Amino acid sequence: MRKTLATIIKEWILFRRDLAGLLLLFIMPAILIIVMALVQDAPFRDYQELRFDLLLADNDHGSLAGQIKDGLKQSKNFHVIDSIDGQPLSDQKLKTLLMQGKYKVGIVIPKGATAEVVNSANTIANNLSKKLGLGSTLPVREHRNDAYIRMYFDPVSKPTFRTSINYALDKYITYACSNELVKRVSKLSRMSNEDSSTTDDESMAKVFDGVGLKEEALNDKGAYTHHMNSVQHNVPAWAIFGIFFIVVPIGGHIIREREEGSALRIELIPRAHISVALGKILFYTMVCVVQFAVMCSIGIWVMPLIQLPALHLGLHPMALIPMAFAIGFAATSYGYFVGTIFKTTNQALPFGAISIVIFSAMGGIWVPIELLSPAMQKVALLSPLHWALDGVHELILRNGSFADIVQHIVFLLCFGTCLWLVSIYKYNKRGHSIQ
Amino acid sequence: MPFAIEIDGLHKQYKGAWNPALDGLSLSVKKNQVMGLLGPNGAGKTTCINILCGLVDADSGSARIYDMDCSRDTLAIRRMTGVVPQQIALFYNMSAWENFMYIGRLYGLQDNIVKERAQNLLERLGLEKHADKRVGRYSGGMKRRANIIASLLHEPQLLVLDEPTAGVDVQSRAMIMSFLDEYHKRGNTILYTSHLLEEAEQLCDEVVIIDEGKFIVNGSPKELVAQTAGCSRLEDVFLHYTGHSVRD
């Protein structure tokens, strides 16, 4: 134990004298999480939070166009632009603006669209009237097939964006059509029945609103539930990435000690190596825990200063400490492993850095693993960064407790221990420290 | 048991090497003796030292220190042996004092004992004023002296030095030689390799010349000079036995 403690003291002395290493371990990940949170803020935001400029060419000038416009305006997701420089938007102008990439989406409401909706509503109302034996009818004509609302997108728009806009517009069109239908049925009802008190527009509309949608928190603890946002994803994700990047300084450090000869000195001291290795791993694991705490602090206090949401640590923030310890242990052991199996820094550092990027891509740091193929989702289970991120998400997004992250911690500790044992075995082979 | 070191028929060939590093080498070092292990580059001196301190396994033959097998009793041997490697086996970003405290603790020594021993050795080897300076900022001679101190903190009975004065100025070399002589006179055994034959002539009770992994000749420097026709210095003897061709 004394030897381990001596090593921790020695590592502390070396650590505080290595300014570049400090920068790499703290400032670079801090910059990384801030930049990534800012860059990914918009893509991570729910569409309810975003406001899109939407071009609208109204060739109809009827109630349908009016209702769609009102619906779009009320949704607060869209800023409807139906005129440019005081001139109403034409189809051609709308397409030109989209092609120029100045706007992302535009819709064209064709001439006669309202008449077509009214005609359809009258047809349905007449059918209802006939079945109910009301006797009254509304005027109808033959259905036109070309009266659809056309949507246009900037060619660079992503499919998910198009789908979302499509669904949103479809909702307003459906609402407008339903509204028209309610009006027509009400009109028929009034024509057949002098008493309009029970069939007015308002009460009919209430029938459509009878069953609504309301999102509620998954947990029954009465606690807040934080949806995934840029900060909730990026701060833990890139903090974990930064922690695993400790592979680079540790790997380099171990090889440098071998090159300088200090590793030979340790090897010549009886029974020193395991204590030295343990001290080194414990020290750097604690550095990782501190690093994680600093990154979380940035998430909590710095992010709001740059107009981003604050990081929330869930209902059991203290459980993040063992989680961070397990992540740090896995990362440090991996660094120790890389430094032990490779002979030169030219081999170890690129391998260490690139392998972390690969592990992070596999593990959901770059893209949530839900978006990966089923095969890649299985491969992700091999990445320690996946277990690390999933464990942290369990705590900060799903409000889990320590019991919910036990398997994550066990995986990370097993991963670290296996690598550590391989490193010790390799080191114990005679002459390991001889260059 | 009069021998501190006994080597018998030692053979070692590294993977991929054309020739063996050691080819049946046998030699012995008496207790309280200063033995110089001499040979040109590639003679097998460092391999021999690495086998003695358990850093490398021999392919065949035996190496014993104080009657303990070097391949089996490595831990016990390392407790009683101090090794000064060719490399400066210290942490460059730490001061000499911090290095010695750390190394002493790894040997399991109490801090007060390490401090006392390190202080004495620093004074003896002229580094007391530089103890708080980082080793990386030392001159070559200072690094060599600090390297020797680090190997002596656990007070070994046998000191093995692999070219301890390589690249060192005259003053530092004189100080190291004087220190080693004093250390020997306190009843300790020294095995020492060097390319500086004057140094060996001055310090060693006996020298053994090896070449291409084989024993060539041994004896006291004076005896060897006297026995070898036409030689007036140990360097002449060395060249007589190992030839004038340049080694890589």
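Are any of the residues in the stretch B:151-159 in a loop (DSSP other than H, G, I, E, B), within 26 Å of B:Gly39 (Cβ to Cβ) and in contact with a helix residue (DSSP H, G or I) (Cβ under 6 Å, 6 or more places away or on another chain)?
At the first step, the residues of the stretch B:151-159 found to be in a loop (DSSP other than H, G, I, E, B) are B:153-157.
When the remaining residues are screened for being within 26 Å of B:Gly39 (Cβ to Cβ), the result is B:156-157.
After this cut, where a residue has to be in contact with a helix residue (DSSP H, G or I) (Cβ under 6 Å, 6 or more places away or on another chain) as well, the list is B:156-157.
Scanning the stretch B:151-159 turns up at least one residue that is in a loop (DSSP other than H, G, I, E, B), within 26 Å of B:Gly39 (Cβ to Cβ) and in contact with a helix residue (DSSP H, G or I) (Cβ under 6 Å, 6 or more places away or on another chain).
Residue-by-condition table, conditions (1) surrounded by 10 or more Cβ atoms within 10 Å (Cβ to Cβ); (2) under 20 Å from A:Ser75 (Cα atoms):
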{"site": "A:Gly133", "(1), (2)": "no, no"}
{"site": "A:Thr137", "(1), (2)": "yes, no"}
{"site": "A:Ile149", "(1), (2)": "yes, yes"}
{"site": "A:Asp154", "(1), (2)": "yes, no"}
{"site": "A:Lys158", "(1), (2)": "yes, no"}
{"site": "A:Ser164", "(1), (2)": "yes, yes"}
{"site": "A:Leu169", "(1), (2)": "yes, yes"}
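Among (1) crowded, with 21+ Cβ neighbours inside 10 Å; (2) touching a Phe, Trp or Tyr at 6+ places or on another chain (Cβ under 7 Å), where does B:Ile103 come up short?
(2)
Mind listing just one residue for me: the one in the stretch A:132-163 that is closer than 12 Å to A:Val117 by Cα and among the aliphatic types (A, V, I, L, M) and, of those, nearest to the chain's Cα centre (by Cα)?
A:Ile149
Rundown of residues vs (1) within 14 Å of another protein chain (Cβ to nearest Cβ); (2) in contact (Cβ under 8 Å) with a residue 40 or more places away in the chain; (3) buried (at least 18 other Cβ atoms within 10 Å of the Cβ); (4) in contact with a Leu (Cβ under 8 Å, 6 or more places away or on another chain), yes/no style:
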| site | (1), (2), (3), (4) |
| --- | --- |
| A:Thr285 | no, yes, yes, no |
| A:Gln291 | no, yes, yes, yes |
| A:Ser297 | no, no, no, no |
| A:Ile306 | no, yes, no, yes |
| A:Gly314 | no, yes, yes, yes |
| A:Ala319 | no, yes, yes, yes |
| A:Phe329 | no, yes, yes, yes |
| A:Tyr336 | no, yes, yes, yes |
| A:Pro350 | no, no, no, no |
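Being closer than 17 Å to B:Leu159 by Cβ and not in a helix (DSSP H, G or I) narrows it down to one residue among B:Ala58, B:Ala43, B:Ala17, B:Ala63; which is it?
Within the list B:Ala58, B:Ala43, B:Ala17, B:Ala63, the selection yields B:Ala63.
Condition check: at the interface with another protein chain (Cβ under 10 Å from one of its Cβ atoms), within 19 Å of the chain's Cα centre (by Cα) and surrounded by fewer than 24 Cβ atoms within 10 Å (Cβ to Cβ). Does B:Leu75 satisfy that?
Numbers: at the interface with another protein chain (Cβ under 10 Å from one of its Cβ atoms): yes; within 19 Å of the chain's Cα centre (by Cα): yes; surrounded by fewer than 24 Cβ atoms within 10 Å (Cβ to Cβ): yes.
Yes, satisfied.
Hey, can you tell me all the residues within the stretch B:78-87 that are assigned to a loop (DSSP other than H, G, I, E, B) and facing chain A (nearest Cβ under 8 Å)?
Answer for the stretch B:78-87, where residues must be assigned to a loop (DSSP other than H, G, I, E, B) and facing chain A (nearest Cβ under 8 Å): B:Pro85, B:Gln87.
Per-residue answers, yes or no, for (1) part of a loop (DSSP other than H, G, I, E, B); (2) in contact with a strand residue (DSSP E or B) (Cβ under 6 Å, 6 or more places away or on another chain):
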position	(1), (2)
B:Val217	no, yes
B:Ala226	no, no
B:Ala229	yes, no
B:Ser232	yes, no
B:Leu239	no, no
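Please work out which one of (1) surrounded by fewer than 18 Cβ atoms within 10 Å (Cβ to Cβ); (2) within 14 Å of another protein chain (Cβ to nearest Cβ) is the condition A:His273 fails and give its number.
Of (1) surrounded by fewer than 18 Cβ atoms within 10 Å (Cβ to Cβ); (2) within 14 Å of another protein chain (Cβ to nearest Cβ), only one is false for A:His273: (1).
Restricting to the stretch B:39-78, give me the number of residues that are hydrophobic (A, V, I, L, M, F, W, C), farther than 20 Å from B:Lys214 by Cβ and out of contact with any Leu (no Cβ under 7 Å at 6 or more places or on another chain).
To start, the set of residues in the stretch B:39-78 that are hydrophobic (A, V, I, L, M, F, W, C) comprises B:43, B:48-49, B:51-53, B:55-56, B:58, B:63, B:65, B:68, B:70, B:75-77.
Next, only the ones that are farther than 20 Å from B:Lys214 by Cβ stay: B:53, B:55, B:65, B:68, B:75-77.
Going one step further and asking which of them are out of contact with any Leu (no Cβ under 7 Å at 6 or more places or on another chain), we end up with B:55, B:68, B:75-77.
The total comes to 5.
Out of (1) surrounded by 22 or more Cβ atoms within 10 Å (Cβ to Cβ); (2) at the interface with another protein chain (Cβ under 9 Å from one of its Cβ atoms), the odd one out for A:Ala237 is which?
A:Ala237 satisfies every listed condition except (2).
Condition check ((1) within 14 Å of another protein chain (Cβ to nearest Cβ); (2) more than 37 Å from the chain's Cα centre (by Cα); (3) free of Cβ contacts under 8 Å to residues at least 40 places away in the same chain) across all residues:
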{"residue": "A:Leu5", "(1), (2), (3)": "yes, yes, no"}
{"residue": "A:Lys10", "(1), (2), (3)": "yes, yes, no"}
{"residue": "A:Ile13", "(1), (2), (3)": "yes, yes, yes"}
{"residue": "A:Arg17", "(1), (2), (3)": "yes, yes, yes"}
{"residue": "A:Leu23", "(1), (2), (3)": "no, no, yes"}
{"residue": "A:Met28", "(1), (2), (3)": "no, no, no"}
{"residue": "A:Ile33", "(1), (2), (3)": "no, no, no"}
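Restricting to the stretch B:23-37, name every residue that is modelled with pLDDT of 90 or more and either buried (at least 24 other Cβ atoms within 10 Å of the Cβ) or under 19 Å from B:Pro85 (Cα atoms) (or both).
If the condition is that a residue be modelled with pLDDT of 90 or more and either buried (at least 24 other Cβ atoms within 10 Å of the Cβ) or under 19 Å from B:Pro85 (Cα atoms) (or both), then B:Val29, B:Val34, B:Met35, B:Gly36, B:Leu37 are the ones that fit.
Looking at the stretch B:117-134, which of the residues that are over 24 Å from the mean Cα position of the chain (by Cα) and surrounded by fewer than 18 Cβ atoms within 10 Å (Cβ to Cβ) is farthest from the other protein chains (Cβ to nearest Cβ)?
Going residue by residue through the stretch B:117-134, those that are over 24 Å from the mean Cα position of the chain (by Cα) are B:129-130, B:132-134.
When the remaining residues are screened for being surrounded by fewer than 18 Cβ atoms within 10 Å (Cβ to Cβ), the result is B:129, B:132-134.
Numbers: B:Lys129: 21, B:Asp132: 12, B:Lys133: 13, B:Arg134: 8 Å.
Applying the filter and picking the extreme gives B:Lys129.
Can you tell me which residue among A:Asn126, A:Asn166, A:Asn122 is within 35 Å of the chain's Cα centre (by Cα), in the same structural domain as A:Leu56 (by TED's automatic domain parsing) and either part of a loop (DSSP other than H, G, I, E, B) or modelled with pLDDT of 80 or more (or both)? Spell out how you get there, then give the answer.
Working: A:Asn126 fails: within 35 Å of the chain's Cα centre (by Cα); A:Asn122 fails: within 35 Å of the chain's Cα centre (by Cα).
Testing whether each residue is within 35 Å of the chain's Cα centre (by Cα), in the same structural domain as A:Leu56 (by TED's automatic domain parsing) and either part of a loop (DSSP other than H, G, I, E, B) or modelled with pLDDT of 80 or more (or both) leaves just A:Asn166.
Only one residue in B:Gly167, B:Gly141 is assigned to a loop (DSSP other than H, G, I, E, B) and at pLDDT below 90. Which one?
B:Gly167
From the set of residues in the stretch B:88-109 that are within 7 Å of chain A (Cβ to nearest Cβ) and assigned to a loop (DSSP other than H, G, I, E, B), which is nearest to B:Glu163 (Cα to Cα)?
B:Ile88
I'm trying to understand the selection: among the residues of the stretch B:27-58, which are away from chain A (no Cβ under 11 Å) and in contact with a His (Cβ under 7 Å, 6 or more places away or on another chain)?
Within the stretch B:27-58, just B:Val34 meets the criteria.
The values are calculated or read from the model by the stated rules, or taken from the named source; none is laboratory data. Computed from a predicted model, the values in this text were never measured in an experiment. Here the Cβ is made from the backbone with ideal geometry for all residues, glycine too, and neighbour counts use every protein chain on show.
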